[in-house]
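To start, the structure itself, in structure tokens.
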Amino acid sequence: MSARRVAVLWCPDWPVMVYRDEVPNDVPLAVLASGEVLACSPAAREQGVRRGMRRRDAQARCPELVVKERKLLREIELFDHTLTTLAAHAVDISVLRPGLCALPVPSRFHGGELAAAAVMLEAMVTAGVWDVRCGIADGVFAAEQAARLAGVQEVNIVPLAGSTEFLGPLPVEIFGDDDFTSLLKRLGLAYVSQFSALAPADVHTRFGALGLGHHRVANGIERAWLGQSVNPHQISREVFFEPALDNSETLAFSSRALVADFVAELVKRDVVCTAATIELIGERDMGSRVWRHPRWFSQADLTDRIRWQARVWAEPVAGVRILSETLESAGDQADDLFGGGAEEAVERGVARVQSMIGPEGVEAQQVQGGRSPAERRLASVWGERAVAERRADAPWPASIPAPAPATVFREPHAAKVVGAEGHVVAVNDRGGLLGGAPERVLIDQQWHAVAAWAGPWPVDERWWDEANARRVARFQVVGVDGSAWLMSVDNGQWWLEAVYD
Amino acid sequence: MSSSVSAVIADLKAQVQRMEGPAARWPMPTHPVLSSLLQLRSGGVYQVASPSLAMLLMAGPSSAGAWCAVVGIPQFGIEAARAIGVRTERVVYVPEVQTDELFNVVAALIEVVDVVVLAPTRVTPTQAARLVARMREKHCLLATWGAWPSADARLDWSHIEWRGVGLGHGNLQARRVTLEVHRGDRRTGAKRVWFPDVNLVVREDEQHSGSHTGEGAVVPRLRSVP
């Protein structure tokens, strides 16, 4: 049996397409979302308008620019409408987002993949979309990247088992995950090939399950088609409301059927969902957020997430869509299924607290690498997987030796340390003391006499980064009553970082 | 009349508590250094004088697999907690809570965790009584760092003595303290302990075991260790 292949059709600047009947082709047009250019017509692009520009900057570049607000619902409708022509030639089309769809390539199409792509492109052009590009590869991700590199009405075919080679020279930005990409770049990994060459075990240790998912994709390992009408990566369920709902509780209630349907599909496929994207669709804009779960999402969990997201969403909600981001085999989680009774109760209780004070109000904490105790704390929103920036098991020269302080301030408190003469103690370039040995410290408006002290431990933080370089020296200071403090001096200013209390 | 009625009610309540109380209060795992001074019990409220002492309370139940929650203490030092024996992956942190939400947050946590560590902003005696009643039902324990209307016991330390640090040399290595347990206005127990010793273990100081009871028996001093 031949391998299943995937075609992705990409119509660039889809938000602009919805205005094609209102605005003539040669008039420069920009569509804004949240005050920034989301997409612009080729005529506007010629004049220097770019995605992400503010309205005023875009108009400065191109004074005759026509500016429109985004109409997301129209985008969805129009794209669905456009696909009806294509649907006559192909089955199993799944919409990834308006302007982007994926479908399996018929395995024995007469004339091969190139001819099949030509038929798809022609169908789109017949439907009135002139700028459409096609990519074909083993998986959806690679096919999408191929489509983005194709010319107008052209097809870009990645050979069988060629995804890794194809993706290798592309920049890591293609993962579309800003936090993850910036982490990779800080580690000096600018291209996909550098990332995909890492050992999977290392990737998992360093970047967690999320990073491993990206790594698999970068190595061309994507789930095969299940032969169903939805993309096997993504179970997608959506519901629209007429009129739009502006109350998060009403919305959560009205979304229950949607959530139940989504979870039923998971059960049917014998998978669990550990990460899901929830999209709230407003009249003009769409709010999308990826939620992760330390175990997997139940119906109640998903309803909670919809409620939380709606609470910070300004517009009335006209539609909700849930997309599965990470599906794991239910069998892999069987240990938890049988042994995790207490944990499940804890998750539910914590979710209740998150409903009261907001999801960010509850944290999980871990220890990561770093020199100061505050750096070594890795706090993450409860339920989301934390990505450590620094390894805990690597040696951290000039870190403060154990025992660790019980109080570690998130932001250091201003303090003062003076010598016998009453001058503020300072540290010179070579780590020597100026102003005499510490005699008294001022902490929270109170003076304490010093019984003992140790230091300085000079720490040149970020020495490789000139702009951010700091010359910090740390001290341990003990008061006569046995109180002990971890303090630092930074350009003559003393700070209290932690207390051994 | 009314005073005698309320006295009768109070008496009946006390009787009910005597009958129900012991059964509802299970002993909970207690850190070895603490166990001779204080047996932790579910439904108990323990006031602590410092975050390290809160960690010492957590260590017993947590190392036995209990879930803990730390509320209103954004500066909670996770490394120190781990060193004492707290399984930090089973701790839920709620760093900042508004005063008006505190009661509801703690009430929700009591339902699912075994130990709540709290820096209370303001809790009325009525709210405190309701929380404690619920804690007894759910076999949960409360450690408060700060005032609480009525605590079963108060854990404090004194005569803190550091080792390893001098005048400009060394580093903090070990600490000896006198661990004290108070009930009401009375000190019911005290003990000299390493908190921690040079191997980072919290343990009894054998040199002083048993003999140290009164204040002033140990003169706090700092020795410089070259």
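Across the range A:418-439, what is the number of residues that are within 14 Å of chain B (Cβ to nearest Cβ), assigned to a strand (DSSP E or B) and more than 43 Å from the chain's Cα centre (by Cα)? Selection size over the range A:418-439: 2. Selection of the range B:59-115 for residues being closer than 16 Å to B:G146 by Cβ and part of a helix (DSSP H, G or I) yields B:T99, B:L102, B:F103, B:V105, B:V106.
Quick one: in the range B:97-114, which of the residues that are more than 7 Å from chain A (Cβ to nearest Cβ) and of a type outside the set (V, I, T) is surrounded by the most Cβ atoms within 10 Å (Cβ to Cβ)? So the residue we want is B:D114. Whenever a residue of the range A:243-257 is in the same structural domain as A:S298 (by TED's automatic domain parsing) and part of a helix (DSSP H, G or I), its partners that are among the aromatic types (F, W, Y) and at pLDDT 85 or above, lying with C-beta atoms within less than 7 angstrom and at least six residues away or across chains, give the pairs A:S254/A:F241.
Only residues that are surrounded by fewer than 24 Cβ atoms within 10 Å (Cβ to Cβ) and either more than 7 Å from chain A (Cβ to nearest Cβ) or touching a helix residue (DSSP H, G or I) at 6+ places or on another chain (Cβ under 9 Å) (or both) were counted in the range B:72-90, giving 11.
Scan the range A:121-138 residue by residue and report those that are surrounded by fewer than 24 Cβ atoms within 10 Å (Cβ to Cβ) and of a type outside the set (S, T, Y). Break it down into steps so the answer makes sense when it comes.
From the range A:121-138, those surrounded by fewer than 24 Cβ atoms within 10 Å (Cβ to Cβ) are A:121-131, A:133, A:138; that's our starting set.
Listed by number, the residues that qualify are A:L121, A:E122, A:A123, A:M124, A:V125, A:A127, A:G128, A:V129, A:W130, A:D131, A:R133, A:D138.
Only residues that are in contact with a strand residue (DSSP E or B) (Cβ under 6 Å, 6 or more places away or on another chain) and either without any contact (Cβ under 8 Å) to a residue 24 or more places away in the chain or acidic (D, E) (or both) were counted in the range B:167-181, giving 5. Might you let me know whether the range A:303-310 holds any residue that is outside any loop (DSSP other than H, G, I, E, B), modelled with pLDDT under 80 and among the hydroxyl-bearing types (S, T, Y)? Among the residues of the range A:303-310, not one is outside any loop (DSSP other than H, G, I, E, B), modelled with pLDDT under 80 and among the hydroxyl-bearing types (S, T, Y), which makes the answer no.
Among the residues making up the range B:131-170, those that are in a strand (DSSP E or B), within 14 Å of chain A (Cβ to nearest Cβ) and among the charged types (D, E, K, R) are B:D156, B:E161, B:R163. For A:D285, the criteria (1) crowded, with 18+ Cβ neighbours inside 10 Å; (2) charged (D, E, K, R); (3) under 29 Å from A:A364 (Cα atoms); (4) at pLDDT below 85 hold in every case but one, which is (3).
Here A:A414, A:A388, A:A392 are screened, and the one residue that is over 27 Å from B:G164 (Cβ atoms), part of a loop (DSSP other than H, G, I, E, B), out of contact with any Pro (no Cβ under 8 Å at 6 or more places or on another chain) and not β-branched (V, I, T) is A:A388. Filtered by the rule that a residue be within 23 Å of A:G287 (Cβ to Cβ), surrounded by 22 or more Cβ atoms within 10 Å (Cβ to Cβ) and free of Cβ contacts under 8 Å to residues at least 24 places away in the same chain, the range A:1-51 gives a lone residue, A:V37.
Here B:R122 does not fit the description of being among the basic types (K, R) and either modelled with pLDDT of 90 or more or surrounded by 14 or more Cβ atoms within 10 Å (Cβ to Cβ) (or both). Take the range A:29-69 and flag every residue that is within 16 Å of A:D131 (Cβ to Cβ) and assigned to a loop (DSSP other than H, G, I, E, B). A:S41, A:R51 - these are the residues of the range A:29-69 that are within 16 Å of A:D131 (Cβ to Cβ) and assigned to a loop (DSSP other than H, G, I, E, B).
The values are calculated or read from the model by the stated rules, or taken from the named source; none is laboratory data. In this text the structure is predicted, and so the values were computed from the model without any measurement. FYI the Cβ positions are ideal-geometry reconstructions off the backbone, even for glycines, and counts take in every protein chain you see.
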